[in-house]
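The values are calculated or read from the model by the stated rules, or taken from the named source; none is laboratory data. Everything numeric in this text was worked out from a predicted model, so none of it was measured. Using ideal geometry, Cβ is built from the backbone for each residue, glycine included, and neighbour counts are taken over all protein chains shown. Side chains included, ligands, DNA and RNA excluded: accessible areas come from the protein's heavy atoms. Shrake-Rupley method; radii C 1.70, N 1.55, O 1.52, S 1.80 Å.
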Amino acid sequence: MTAPIRHFIDIADIDQEQARAIVDHSAQMKQARKGRTKGACDDQTPLEGRILALIFEKPSTRTRVSFDVAMRQLGGETIVLSAQDLQLGRGESEIDTARVLSRYVDAIMIRGNHHEQVKKLAEAASIPVINGLTDFSHPCQIMADVLTFEEHKGPISGKTLAWVGDGNNVAVSWVHAASKFGFELKLGCPPELGLREDVISWAQRENVSFSVHQDPIEAVKGADCVMSDTWVSMGDENPEARRTILGPYQVNEELMAVARSEAIFMHCLPAYRGAEVTAAVIDGPRSVVFDEAENRLHAQKGILAWCFARDAA
Ligand code: CP
Ligand code: NVA
């Protein structure tokens with residue numbers, strides 16, 4: 001019997017052991033390059049002859065470049081497309097797009113406006129589809145973040161991480177990750193911009209160790225890591241109203257002082273200094289945000305290798 005196609009749409013859909021294996025494999029591949037992120041290819045080029053299509057309906061710096069470089073370092077090639085380059089941008093369906101691209105390329109990474117549309121694309125594709133951020137989630141980011149956390153603080157299992165600010169797509173993938181990697185997640189969000197109800201119900205059903213606090217201080221108390229993200233995500237409306245509501249949720253030195261003394265600060269970037277985080281925190285000694293950005297490269301390799309490993313399974 002043929003093994004199912006390995007889509008990477010949400011961490012929630014991946015087995016616990018496989019999620020762990022992706023992070024560990026990413027760490028191994030990083031180590032094998034001995035600190036070199038650029039230049040000569042990896043000794044092993046398991047994706048030679050493979051082509052990855054990268055489709056962007058929204059802007060991207062890290063996801064775009066790290067997937068492109070990861071694929072090349074693993075011996076493969078990429079085609080980078082904006083939705084405007086495709087008939088998808090003129091109304092061709094996700095289903096037909098998936099069927100056509102499945103005849104040309106070996107995998108698709110898509111940064112999409114609507115999660116449901118990305119899921120439709122995956123359902124219709126006969127090749128792996130990777131979610132490179134939607135309005136609902138950002139799973140690739142959190143795989144890189146787990147890798148980053150563990151490099152600085154050791155095994156994430158049993159640790160406490162605090163999310164402060166908007167209960168957005170990145171926060172959702174953190175909730176999914178808490179269920180697979182066994183850490184406690186404390187969210188400090190205003191009630192108006194809290195976690196989605198369906199995600200809360202899912203987390204309760206899955207017995208995820210998480211709590212939601214209106215007071216950011218309560219969320220951060222005892223945390224090994226404090227995280228934030230932009231107050232206005234791509235596609236969000238009413239930016240001014242959001243900034244007003246989220247104003248009390250800025251991560252600054254006073255808030256960091258409530259976390260554990262050795263706590264680190266993480267942010268997926270792009271960041272807005274003076275809004276969700278002060279310059280003193282993001283550019284300070286506890287911030288690991290550029291390690292996170294680098295680890296997107298290493299984590300993408302783990303994700304790509306996992307998707308393509310189905311062929312050998
Ligand atoms: N963190 C992240 O996904 O960055 P980009 O939007 O630049 O890809
Ligand atoms: N929450 C942000 C993440 C950007 C990488 C957004 O969706 O715009």
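Some observations on this one:
- Sequence ranges 111-119, 271-279, 139-147, 192-200, ranked by mean other-Cβ count within 10 angstrom, highest first: 139-147, 111-119, 271-279, 192-200
- For PHE8, the amide hydrogen comes within under 5 Å of the amide hydrogens of VAL129, ILE130, ASN131, counting only partners 5 or more places away or on other chains and with H modelled in the peptide plane.
- Kirkwood hydrodynamic radius (C-alpha pairs) into Stokes-Einstein, segment 162-313, 4 °C and 1.567 mPa s, D in µm²/s: 80
- Nonlocal amide H pairs with LEU54, under 5 Å, H built at 1.01 Å: ILE79, VAL80, LEU81, MET109
- Between GLN18 and VAL65, the contour length at 0.36 nm per residue exceeds the Cα-Cα span by 14.4 nm.
- Couplings 3J(HN,Hα) for segment 45-54, derived from phi with the Karplus relation 6.51 cos²θ - 1.76 cosθ + 1.60 (θ = phi - 60°), are 10, x, 9, 4, x, 8, 10, 10, 8, 10 Hz, where x marks Gly and Pro.
- Per-residue ellipticity at 222 nm from helix content only, as computed over the chain with -39500 (n - 2.57) for each DSSP H run of at least four residues, stands at -12000 deg cm²/dmol.
- Mean projected area in nm² (Cα convex hull; one quarter of hull surface) for the chain: 15.9
- Based on every Cα atom in segment 1-154, Rg and the maximum pairwise Cα distance Dmax equal 15.7, 47 Å.
- Cross-link pairs LYS120/LYS186; LYS30/LYS153; LYS120/LYS159; LYS119/LYS153 - those with Cα-Cα distance over 25 Å: LYS120/LYS186; LYS120/LYS159; LYS119/LYS153
- Spacing of the two label points (7 Å from each Cα toward its C-beta) at ALA241 and ILE217, in nm: 2.9
- Expressed as a whole percent, the accessible surface of the chain that belongs to carbon and sulfur atoms is 49, based on a 1.4 Å probe.
- Selected from ASP291, ASP229, ASP85 as most flexible by GNM, with the chain as the system and alpha-carbon contacts under 10 Å: ASP85
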